[in-house]
Amino acid sequence: MATKPIKRSWAEPFKIKVVEPLVETTRRHREKAIRAAGYNTFLLASRDVYIDLLTDSGTNAMSDRQWAGMMVGDEAYAGSENFYHLEANVARFYGMPFFVPTHQGRAAEHLISRILIKPGDYIPGNMYFTTTRLHQELAGGTFVDVSIDAAHEPANPHPFKGNVDLDKLAALIRKVGAKKIAYVSMAGTVNMAGGQPFSMENLRQVAALCQKHGIRLWFDATRACENAFFIQEREAGWGRHSIAGILHTMCAYFDGLWVSAKKDLMVNIGGILATRDREVFEKARNLVVVYEGLHTYGGLAGRDMEAMAIGMEEMVAYENIRARVKQVEYCGRQLEKYGVPIVQPIGGHAVFLDAQAMLPHLPREQFPAQTLAAAIYADSGVRSMERGAVSSGRDPRTGKNIYPRLELVRLTFPRRVYTQAHIDVTVESVANVHANRERVRGLKMTYEPQYLRFFQARFEPVAAMRKRRAATARAR
Ligand SMILES: *Cc1c(COP(=O)(O)O)cnc(C)c1O
């Protein structure tokens, strides 16, 4: 008798050696906590959070090898042994001969923006990232989004929504002239588009266009391994190449790159600025002393650099990157079963909920994504993040709110931290909020900081505002 072959599952490629207890809270406790936090999940205390999917930035679990590496930290002010290990691995995995460490990714963005951007310059990129764009603007530059239109359409299943639209880039070059373009910046798995990759073919074409016009091409390689994994999975001709091989090929197209080590490298802090351009490197090595620390530690302890160097070796391991991306995919597929609207395709580091589709009764001015993140927290203690109008901020020229087409809530997965059961709990909470979505009321911003407002802005429910106003009117 012919039997159907039994499906063989795979599991997380690690077992757990150290545990950190989680605390569950009551709905009443959470409602109080989110009110006190101004309905901003960034302002919640971690002790009030059950499953923390705010970000995958610096929230990763390090391996036993990385922890062992922490013990061989060489805390010399100059020429630490760990610096040389890291330098060798930057050359080995990213193919860049020159590098400076920085305390995190935005510090590298700060340095490169100061070095390459003159006031009045333009920096085209495949959709903006919050800190990247801000440093470009602070250096006097203007970011220009040259991502393909599909990147802005949450339901569009395009496999490479991180691609640059070559016509948009060529049009910008024609309009402002190549001299006015400081550099073209490309990010691997574009966060704001929903964790979406670019293809190797698109990168090749962008690089050719840049070369033709003598424009520099720089890489936000923070999530480069996720991008490499998607190229391996989706792009013809790359299925048999290793993650390390694909990463190397990608990096070869760029003049330089920056990395927030808090992502791919599976550490808790750190950043990298690396280049093959000796002149840019000389400037970076000098500037890093002003803002970060000596060029052989750049704001990091020796032990942090050691953990980064080892993290690089682990980030290209197929079983690690597969487990990471597939865990995110599992979460997305479960949510789909409940009819929750999510960005397609499912991203590399996060599932993005389409808040506008989920809460169509809320106008954009009431920040549907901010509202949804607060509602999910109140339901279960799962912490997520807004990626919509609050994150987009205001137009620096007009001062008006920017309402991007994507109004999303991000469920972001720290690497090697949560198990499948945690995902199930999360999915059920989002499904519950979705089932009761008509009851969700919008928010009004009551406090707005000048820079990167999403981190510290405060809100109040619209209904509560009305009630309070009525009460003040009565008191008068
Ligand atoms: C996190 C991140 C940054 C900024 O890095 P930090 O380490 O948080 O300062 C820049 N670019 C991308 C794509 C990121 O994900």
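The values are calculated or read from the model by the stated rules, or taken from the named source; none is laboratory data. The structure displayed is predicted, hence computed values, not measured ones. Virtual Cβ from ideal backbone geometry, glycine too; neighbours counted across all protein chains shown. Heavy atoms of the whole protein, side chains included, go into the accessibility calculation; ligands, DNA and RNA do not. Shrake-Rupley method; radii C 1.70, N 1.55, O 1.52, S 1.80 Å.
When both bridge partners sit in the chain, DSSP labels roughly 65% of those beta bridges antiparallel. Among the listed pairs 7/337; 262/283; 212/326; 4/337, those with a Cα-Cα distance over 30 Å are 212/326. Ranked by the mean number of other Cβ atoms within 10 Å per residue, highest first, peptides 329-335, 266-272 order as 266-272, 329-335.
Extending 7 Å from Cα along the Cβ direction at residue 213 and again at residue 357 yields two label points whose distance is 3.4 nm.
Full extension of the segment from residue 268 to residue 242, taken as 0.36 nm per residue of separation minus the current Cα-Cα distance, would add 6.8 nm.
For the range 85-191, applying the loop criterion from DSSP together with a ceiling of 14 other beta carbons within 10 Å to the trypsin sites (Lys or Arg not before Pro) yields no site.
Per the Kirkwood formula applied to alpha carbons, the chain shows a radius of gyration over Rh ratio, Rg over Rh, of 0.97. Taking 18 Å as the straight-line reach from the Cα of residue 161, the aspartates and glutamates in range (excluding those fewer than 8 positions away in the same chain) are 145, 149, 153, 201, 220, 226, 233, 235, 329, 354, 407. A protection proxy built from the mean count of other Cβ atoms within 10 Å ranks the segments 23-33, 438-448, most packed first, as 438-448, 23-33.
Given axes a ≥ b ≥ c from the Cα gyration tensor, I'd like to know whether the range 267-418 is rounded (a/c under 1.5), prolate (a/b larger than b/c) or oblate. Taking the square roots of the gyration eigenvalues as a ≥ b ≥ c, the range 267-418 is oblate.
Each residue was assigned an accessible area with a 1.4 Å probe, and for residue 131 the value is about 10 Å². In this simple spin-label model, placing a label point 7 Å from the Cα along the Cα-to-Cβ direction at both residue 326 and residue 45 gives a separation of 4.0 nm.
Remark: the residue 278-residue 338 segment gains 16.3 nm on full extension, using 0.36 nm per residue and subtracting the alpha carbon distance.
Sorting 362-369, 59-66, 344-351 by average packing, meaning the other beta carbons within 10 Å per residue, from highest down gives 344-351, 362-369, 59-66. Using a cutoff of 8 angstrom between alpha carbon atoms and counting only pairs six or more residues apart, the relative contact order for the chain works out to 22 percent.
Straight-distance candidates among the aspartates and glutamates for linking to residue 15, with alpha-carbon spacing under 17 Å and chain neighbours fewer than 8 residues away dropped: 64, 314, 319. Within the range 330-350, list the residues whose amide N lies under 16 Å from a label point set 7 Å along Cα→Cβ of residue 10. Under 16 Å, as judged by backbone N against the label point of residue 10, lie 330-331 of the range 330-350.
Using every pair of distinct Cα positions in the range 64-315, the Kirkwood expression returns a hydrodynamic radius of 18.1 angstrom. Working from label points 7 Å from Cα in the Cα-to-Cβ sense, the residue 420 to residue 439 distance is 3.2 nm.
Counting only protein heavy atoms and using a 1.4 Å probe, what share of the accessible area of the range 1-91 belongs to carbon plus sulfur, as a whole percent? Carbon and sulfur together cover 57 percent of it. Full extension of the chain between residue 156 and residue 35 gives 40.0 nm of extra length, using 0.36 nm per residue less the Cα-Cα distance.
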